[in-house]
Amino acid sequence: MGLGTYVRNIRETLETIFEGMAITASHFVRKPFTIQYPDRTEIRVQDSLPFRYRGLLDVDLEICTGCLACERACPIDCIVIDAEKDKQTKEMILKRFDIDLAKCMYCGLCSEPCPTGSIHHTPEFEGADYSLESLVRRFVKAPLVAYKPPKGPETDPEVAPILARGLRYLDEFASPGDPKAGE
Amino acid sequence: MSTHAIDVDVLRETGQGIATEEMTLNMGPQHPSTHGVLRFVVKADGEVMRRAIPDIGYLHRSIEKIAEKVGYHGFMPYTDRVDYVSAMQCNQGWAMACEALAGIKVPRRGEYCRVIASEFGRLASHLLSVGATGMDIGAVTPFTHAIREREYINDILEELCGARLTFNYMRIGGCAWDLPPGFVGRATKFLDRFEPLIDEYNELISFNKIYVERLANVAVIPREMAIAYNLVGPNLRGSGVKYDVRKDAPYSVYPEFEFDVPVGTGERGTLGDSYDRYMVRMREMKESCKILRQALAGIPEGPVVAKVPRTFRPPVGEAYVRVEASRGDMGWFVVSDGTAFPYRVHIRTGSFAAMAIIEELSKGLMIADLVAVIATLDIVAPEVDR
Amino acid sequence: MQQFADYLLDEGILAGLPKSLGYALVIAFFAFVLLNFIMLVAGVTSWLERRVWARIQSRVGPNRVGPQGAIQWLADGIKNIMKEDIVPTAADKPLFKAAPYLAMIGFFGAWACVPFGDGLIIADLNVGVLYITAVTGLVVVGILMAGWSSNNKWALLGGMRSAAQIVSYEIPAAIAVNAVIVLTGTLSMQGIIRAQGWAPWNWFLFDNPFTFVAFFIFFVALLAEGNRTPFDLPEAESELVAGAFTEYSGLRSLLFFLVEWGNLYIIGALCTSLFLGGWQTPHFTDNGFVLGLVQFVVFFLKSYFLVFVAMWIRATLPRVRVDQLMSLCWKYLVPISFVNLLGAMLWVVAFPHGFLPARLGMFLFGIMVTIYFLMRVAFHLRRARPEMSWNPIA
């Protein structure tokens, strides 16, 4: 090792450490980026998530048609639906609609084929629980009649807003508007 | 300057070393710097390693077999788990393989969305890699700075596809969703902020003399050795081989963009040393920013996804596609027997090849160097085992 | 302290007691006070270090226990005391158990010669500097014992690294100190401080170019002795899991950390005493108590600034490798400090009573470096255009 290398090593060491220290010093006046979840945020973290956020699944049974599209789309079979056609009334009867959130991987493949937007992701993500059984969401408490879309627009005042929300969920995925638009 | 490696046997035979007992160290599967669950059986003579034998298989999840059970559409979320650090390119690889099977053409807007998502994924992956390298060398601050920027990228991708890690964004025939409103503006704003930070990051850690000394001349992979061991991606380019799937076997709309392929130059030591591999990643981030700016500016109108039937039954045949993932050339091989389920799927990943070279590289390095080697080869454990 | 003990024995509350018993009582009392002071300083240092790190890393750090997390260290300490004290079955049990105490003794002994103010010192030994250098060397025995007795290969590697490191870095530290000692002709801590003045250009740091270089060599060598980044090889989390302390849990592991953080203050206090003018303040009042208090505060702040610099360095630099550690010591620090000592000796021969223009020049140089540093900080802020926050606790 020549004297030139020796001196250059010392010089480089001092220079680069000096520069690095200047950068770290500049961070003393930069604002921290930490989000102090869950209690010290300005708004609930759930409310700050984007529309497409894939959180815990929810089902609006009022507009579920019992078409089983979600059950078929699910790659891990975490959705189990029992739907039977009533022989007399020719109506679909939903007897069971279970989602095992312990299995669910939040891929969103089930919400895509849903014709009414009944099964959809919510921005909720706090799913911790004490047992695996309690993670199975049983949506159908008692057998009920599946939704049958009418020919024209929905008139039932109780169902209409739910259906409107579900269809908007589908719409915003399909055509969300201009990505070049401003904030 | 000679490369840093100590031949224990030579020292012993020439009487320079002290005869000590060979020590077998078990590094991993639970060790702070074997990211994920890697395990190395290290044969060491004091601080000097005689060799480090990688032991793989701790993260094997039979992903290839799962593909045969869940069908073409249903496998897409699983591809996120092949390399969870840069899941977008895995998505793209699988989608492209299926499209090649069925001969589906992706709409141009869909391709642009894919490129945007992939390049953001590459940025996120490289940030984690360079940050973790700093962490393993003992500097804690660069890691958090890198993770801070990665969080912004995750925010952007979350807005795009609803998830931060396992994106499941792409579909056979295009992408699941179009860009959300205001996306282009926010992404450009991020790039404006991020690009100067790459320089800052370089000055904070990459040019630091201690850091350079820790990486330069360590674990040199000569050009021929890199090719012989089948290294791909930044590891291969670090050895001076200018090979990038985006340039050499172009796919998607990459030929429409102008970008360079950075290669190792041996600027601080020998060509192909750890520092070259590290710097290739730093420079690739700049190139990714370049691609992103072009893609965001020139995105065409139109649909993002082609019409693909819900029950996807490709004709009998096989397809092999390659994508340039963050860890290099990632190959997706799929055989169809005409049913709704693939007959066989195989994934060729970069980390697996990188894992194989460690035993050869580790001779004569110090234990502290093994950590640097793992970090600069950017080995992601799930990608090794699938 | 001896004067104080004599005073108590002659006319104070201890009058009438046998002299040796009186001395023992006074020593025990001061040891108790000092130990509590050390615990407090080490604890607060551990919390402050985490906050400083956090700020540099764009995080917030511990801010929940107490106001802004200020008693986080107490919570950590209580937690550690309540944890099970595990001794590995295959460990060399007596050595394993004794190791943290040995490290503690070496570290605690050094405090006897650390000054806090004019007259505020446990024992102003006439070989003070030598004593501190020697007694802190005992810490390495503790760490080496811990590494050996744990019966863990990672711990053994850590212990061996520590031994090699501390033994090597004693040498540049000792030679660098000599640059000051040739100026003062004394090894006593108080004597060295008294030879300086309150004004920065009267500090030995700016006395001449050689003491300026000696300060940095001394600081770097002490960082290495205190196992601080960039020389934290014995602990080396990413390489050796936790190095020599891998197998320790509960109170015993806490003692090692106490040594580490307490040592940091000793580093600061030593550098302050030898180079930064110690407790020297202008003699602005005749009230001995007020003057003593101000001196104590001044000394504490100076020392703590260096502790802060050590934290800051730790957040900036990566770790050196073992062979680089040795080459840095033997190829760079030792030769440079020898040349530096030679220069300092020649300087003393040339200017036996100091050379004011050189002092002012060095001081000016220091200011210029600081200004250039601030300009670089401003440059980085301009380039990154971050969100700013001048609030130190947010």
- Task: Please give the solvent-accessible surface of C:Leu25 in Å², to the nearest 10, using a probe radius of 1.4 Å with every protein chain present.
- Result: 90 Å²
- Using a/c under 1.5 as the rounded threshold, could you call chain C rounded, prolate or oblate? The axes a ≥ b ≥ c are square roots of the C-alpha gyration tensor eigenvalues, and prolate needs a/b larger than b/c, oblate otherwise. rounded
- Taking both sides together, what accessible area is buried at the A/B interface, probe 1.4 Å, expressed in Å² and rounded to the nearest 100? 3200 Å²
- Query: For chain B, with the dipole built from +1 on Lys and Arg beta-carbon atoms and -1 on Asp and Glu ones, taken about the Cα centre, which of B:Ile147, B:Thr188, B:Pro382 lies farthest toward the positive end?
  - Reply: B:Thr188
- Note on the structure: In degrees rounded to 10, the 0-90 angle between helix B:367-377 Cα long axis and the longest Cα principal axis of chain B is 20 degrees
- Note on the structure: Taking the alpha-carbon centre of each part, the distance from region B:92-129 to region C:182-237 in Å is 58 Å
- Query: Under the Karplus relation 6.51 cos²θ - 1.76 cosθ + 1.60, θ = phi - 60°, what is the ordered set of whole-Hz ³J(HN,Hα) values for region C:176-184, x standing for Gly and Pro?
  - Reply: 5, 4, 4, 4, 7, 5, 5, 6, 9
- Query: Exactly which trypsin sites (Lys or Arg not before Pro) in region A:14-81 are in a DSSP loop and have at most 12 other Cβ atoms within 10 Å?
  - Reply: A:Arg44
- Message: Leaving out ligands, DNA and RNA, and with a 1.4 Å probe, what % of the accessible surface on region B:13-167 is carbon or sulfur?
- Response: 55 percent
- State, to one decimal in nm, how far the label point of B:Tyr343 lies from the label point of B:Arg313, with both points 7 Å from Cα in the Cβ direction. 1.6 nm
- Query: Average partner chain C-beta neighbours within 10 Å, per residue of B:154-165?
  - Reply: 4
- Near B:Ser239, within a Cβ-to-Cβ distance under 13 Å, what is the net charge of the other residues, with Lys and Arg +1 and Asp and Glu -1? +1
- Message: Can you tell me the orientation of helix B:350-361 relative to chain B, as the angle in degrees between its alpha-carbon axis and the longest Cα principal axis, to the nearest 10?
- Response: 10 degrees
- Residue-averaged [θ]222 nm for chain A, counting only DSSP H segments that reach four residues, each worth -39500 (n - 2.57): -8000 deg cm²/dmol
- Going by a ≥ b ≥ c, the root eigenvalues of the Cα gyration tensor, does region B:61-144 fall in the rounded group (a/c under 1.5), the prolate group (a/b larger than b/c) or the oblate group? oblate
- Task: Averaged over every viewing direction, what's the projected area of the C-alpha convex hull for the protein assembly as shown? Give it in nm², one decimal, please.
- Result: 48.8 nm²
- Message: Suppose only helical runs count, i.e. DSSP H with n ≥ 4. What mean residue ellipticity at 222 nm does that imply for chain C under -39500 (n - 2.57) per run, divided by all residues and rounded to the nearest 500 deg cm²/dmol?
- Response: -22500 deg cm²/dmol
- Message: Suppose accessible area is computed on protein heavy atoms with a 1.4 Å probe; arrange B:Val308, B:Val323 from highest to lowest.
- Response: B:Val308, B:Val323
- Message: How charged is the neighbourhood of A:Glu91? Take every other residue with its Cβ under 9 Å from the Cβ of A:Glu91, and add Lys/Arg as +1 and Asp/Glu as -1.
- Response: +2
- Counting only protein chains, not ligands or nucleic acids, how are C:Met362, C:Met311 ordered by accessible area (probe 1.4 Å), most first? C:Met362, C:Met311
- Over chain C, average the accessible area per residue using a 1.4 Å probe and give it in Å², no decimals. 43 Å²
- Please work out whether region B:271-364 counts as rounded, prolate or oblate from its C-alpha gyration tensor, where a ≥ b ≥ c are the square roots of the eigenvalues and a/c under 1.5 means rounded, while otherwise a/b larger than b/c means prolate and anything else oblate? oblate
- Put A:Leu61, B:Leu271, C:Leu264, C:Leu328 in order of accessible area, largest first, 1.4 Å probe: what do you get? B:Leu271, C:Leu328, A:Leu61, C:Leu264
- Query: Rounded to the nearest whole Å², what accessible area per residue is found for region B:283-369 with the 1.4 Å probe?
  - Reply: 40 Å²
- Query: How much solvent-accessible surface does A:Glu126 expose, in Å² to the nearest 10, with a 1.4 Å probe and all protein chains in place?
  - Reply: 100 Å²
- Message: Heavy atoms of the protein only, probe of 1.4 Å, neighbouring chains included. What is the accessible area of B:Phe352 in Å², nearest 10?
- Response: 100 Å²
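The values are calculated or read from the model by the stated rules, or taken from the named source; none is laboratory data. Quick caveat: nothing in here was measured; it's all calculated off a predicted structure. Heads up, the Cβs are rebuilt from the backbone with ideal geometry, glycines too, and the neighbour counts pull from every protein chain shown. Surface areas here come from the heavy atoms of the whole protein model, side chains and all, with no ligands, DNA or RNA. Shrake-Rupley method; radii C 1.70, N 1.55, O 1.52, S 1.80 Å.
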